[in-house]
Amino acid sequence: MTSLNSAGAPLLEVKNLVKRFPIRGGLLGREVGAVQAVSDVSFTIARGETLGLVGESGCGKSTLGRCILRLIEPTSGQVLFKGQDVTKLDQGRLRRLRRQMQIIFQDPFASLNPRMTVDEILSEPIEIHGLASNRQERLEKIHRLLDLCGLRRESLNRYPHEFSGGQRQRVCIARALAVEPEFIVCDEPVSALDVSIQAQIINLMQDLQKELGLTYLFIAHDLKVVEHISNRVAVMYLGRMVELAQAEELYANPKHPYTQALLSAIPIPDPTYRKNRIMLRGDVPSPLNPPQGCHFHPRCSKAQDQCRADYPEPQSAGTHQYRCFLPNS
């Protein structure tokens, strides 16, 4: 499923990306099956854009983000960053490219070394990539990172356990910005935080995007957060991208039955408002043995015989794209 962006070549283009995790068993460790974590996913992200990526836990969102950065090696497909195929780079060229592509992880405590101070955490990427010629220049860069991320300069000699969850995530954001990237994969960066702190971090990320010209792939399961920060939103189900549209269009006029069900579950802060909740039947099928045809058909109240037999090709309504046989889902 591709997309139309603003004029010019996209910053990132993902083509037919696949990631299979083999399951091995027996005395000889032969492959006895495989988990289809990501199946034939394609999309583009324009420079300066935020693409939101949503779906249930286990649908392949985080695996997709890690495959893009080659933290996990994709099974097949292409990842083009500024026209360069990331999947074909050797380790030396990939390391140089990593300056431009960074990630912010979900758990800020687990992703920080508890034995390193903030000074050491932020100094490490600057030194590895040779971005400061002396100690004074490095310190100036670190001070600017702290200022950008809303941290006090007195925090430099403190350890991660001395900070709150929101402050630790600010340290993680500062670490990602230390190498001056253009593109950041945000892997559920606020899901481990309190709601009030989530808003602060989202606002910080939007401010940084405007000031530094950043491009985000924003992975989340909270649809309200994604609506707030994203220009476009993509929906994944069982390893496949089932819908992709401008944020306003997707939330106002969802085409795929799965997207409709997700949006119907968003709480409305009005006790007098009665919302028609779409209840999905059954559980998400196993990625070890996905159903034939459309993967969503066992849970879909609108499923037809064709849905059980074939997987739908992408349908388009302008820039709104979805995989469903029903023209007016």
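Can you tell me how many residues in segment 70-94 are surrounded by 11 or more Cβ atoms within 10 Å (Cβ to Cβ) and in a loop (DSSP other than H, G, I, E, B)?
Count: 7.
Scan segment 62-120 residue by residue and report those that are more than 23 Å from Val190 (Cβ to Cβ), touching a residue at least 60 places away in the same chain (Cβ under 8 Å) and not small (Gly, Ala, Ser).
If the condition is that a residue be more than 23 Å from Val190 (Cβ to Cβ), touching a residue at least 60 places away in the same chain (Cβ under 8 Å) and not small (Gly, Ala, Ser), then Gln78, Val79, Leu80, Phe81, Lys82, Arg98, Arg99, Gln100 are the ones that fit.
Looking only at segment 292-299, decide whether some residue is surrounded by fewer than 17 Cβ atoms within 10 Å (Cβ to Cβ) and charged (D, E, K, R).
Within segment 292-299, none of the residues are surrounded by fewer than 17 Cβ atoms within 10 Å (Cβ to Cβ) and charged (D, E, K, R).
Looking at this structure, is Thr117 touching a strand residue (DSSP E or B) at 6+ places or on another chain (Cβ under 7 Å) and at negative phi?
For Thr117, the condition - touching a strand residue (DSSP E or B) at 6+ places or on another chain (Cβ under 7 Å) and at negative phi - is not met.
Let's see how each residue does on (1) outside any strand (DSSP E or B); (2) modelled with pLDDT under 95:
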residue	(1), (2)
Pro10	yes, yes
Val18	no, no
Val32	no, yes
Thr44	no, no
Cys67	yes, no
Arg99	yes, yes
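Out of (1) surrounded by fewer than 23 Cβ atoms within 10 Å (Cβ to Cβ); (2) at pLDDT 95 or above, what's the single condition that is false for Ile197?
The number of the failed condition is (2).
So Glu188 fits all but one of (1) touching a strand residue (DSSP E or B) at 6+ places or on another chain (Cβ under 8 Å); (2) at pLDDT 95 or above; what number is the exception?
(2)
Before we move on, is Asn276 surrounded by fewer than 13 Cβ atoms within 10 Å (Cβ to Cβ), more than 25 Å from Thr44 (Cα to Cα) and at pLDDT 85 or above?
Criteria not met by Asn276.
Quick check on my filter: what residues within segment 83-129 are aromatic (Phe, Trp, Tyr) and more than 24 Å from Gly48 (Cα to Cα)?
Phe109, the sole residue that qualifies.
Find the residue count for segment 95-127, including only residues that are within 30 Å of Leu193 (Cα to Cα), of a type in the set (A, V, I, L, M) and either over 24 Å from the mean Cα position of the chain (by Cα) or surrounded by fewer than 17 Cβ atoms within 10 Å (Cβ to Cβ) (or both).
Going through segment 95-127 one residue at a time, the tally reaches 4.
When you check Val35 against the structure, is it β-branched (Val, Ile, Thr) and under 17 Å from Thr215 (Cα atoms), yes or no?
So Val35 does not fit the description; no.
The values are calculated or read from the model by the stated rules, or taken from the named source; none is laboratory data. These numbers come from a predicted model, not from an experiment. Note: ideal-geometry Cβ built from the backbone for every residue, glycine included; neighbour counts use all protein chains shown.
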